[in-house]
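Remarks on the structure that follows.
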Amino acid sequence: MSPDLGAKKIVVVGQGYVGLPLAMAAHGAGHNVVGIDTDERRVKQIQSGMSPVSDVDSSELASALEGGRYSIKSNYESLAGFASAIITVPTPLKDGKPNLHFIESAAASLSPHITAGSLIVLESTTYPGTTEELLVPILESGSDLVAGKDFHVGYSPERIDPGNREWNLLNTPKITSGINHDSAVAVT
């Protein structure tokens, strides 16, 4: 089965307990999805059709891979033309504060691929101000575009409770925001 060229290309950076279920939901909604993860072991496991997270069944993952609208990569080379990118990288605590290195790295790697009209959404757990004070400057510097004018940027904190069968990605209420009105509308 070949990819649907009319579907939007969605990039999900981080294919762990937040990113992989989100990638499968976007795939299930009919989008072409590229998952990015820098953990080579995880990439190989997913490419083999074996899910590393409890909220995604391996048969669902294998079907998505076979259908051609979901792929996973360990690099950012195949991102041209994406409509939306969602950053779901870890933010492990370091000295009681979130370590934002993975967000910085993801933003720097995504930024050269941003085009007019793109949407970037941060879902990683972090403190207030990260989107506008850290993420936006990196995205603007690497893209030579202006956030809120040329492309949209938003934040939507992840709401995954791994393994919870009652409350999941599809039925848990989400909070979304944007750096301006147009970005907030684009995120919803």
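Looking only at region 50-76, residues that are among the aliphatic types (A, V, I, L, M) and loosely packed, with under 14 Cβ neighbours inside 10 Å come to 1 in all. Looking only at region 159-188, how many residues end up being in a loop (DSSP other than H, G, I, E, B) and either open to solvent by less than 40 Å² (accessible area, probe 1.4 Å) or basic (Lys, Arg) (or both)? Total meeting the criteria: 6.
Only one residue in Leu110, Leu122, Leu170, Leu134 is over 15 Å from Ala83 (Cα atoms) and either polar (S, T, N, Q) or at pLDDT 90 or above (or both), so which one is that? So that I can check it myself, show each step before the final result.
On the way: Leu110 fails: over 15 Å from Ala83 (Cα atoms); Leu122 fails: over 15 Å from Ala83 (Cα atoms); Leu170 fails: either polar (S, T, N, Q) or at pLDDT 90 or above (or both).
On inspection, the qualifying residue turns out to be Leu134.
When Glu132, Glu123 are checked against the criterion of being farther than 16 Å from Val34 by Cα, of a type outside the set (Val, Ile, Thr) and open to solvent by 60 Å² or more (accessible area, probe 1.4 Å), Glu132 stands alone in meeting it.
Taken over region 155-178, residues that are hydroxyl-bearing (Ser, Thr, Tyr), under 15 Å from the mean Cα position of the chain (by Cα) and over 14 Å from Ser124 (Cβ atoms) amount to 1.
Residue check: is Leu79 open to solvent by less than 10 Å² (accessible area, probe 1.4 Å), in contact with a helix residue (DSSP H, G or I) (Cβ under 7 Å, 6 or more places away or on another chain) and of a type outside the set (Val, Ile, Thr)? Judged against the criteria, Leu79 is a match.
Which residue pairs have Cβ atoms closer than 6 Å, lie 6 or more positions apart in sequence or on different chains, and pair a first residue in region 98-114 that is open to solvent by less than 50 Å² (accessible area, probe 1.4 Å) with a second residue that is part of a helix (DSSP H, G or I) and of a type in the set (A, V, I, L, M, F, W, C)? These pairs meet every condition: Ala107/Leu135; Ala107/Ile138; Ala107/Leu139; Ser111/Leu139. Among the residues of region 9-49, those identified as open to solvent by 30 Å² or more (accessible area, probe 1.4 Å), closer than 12 Å to Ile72 by Cβ and assigned to a loop (DSSP other than H, G, I, E, B) are Thr38, Asp39, Ser48.
The values are calculated or read from the model by the stated rules, or taken from the named source; none is laboratory data. Since this is a predicted model, take the numbers as computed values, not measurements. Using ideal geometry, Cβ is built from the backbone for each residue, glycine included, and neighbour counts are taken over all protein chains shown. Protein only, heavy atoms only, side chains kept; ligands, DNA and RNA dropped before computing areas. Shrake-Rupley method; radii C 1.70, N 1.55, O 1.52, S 1.80 Å.
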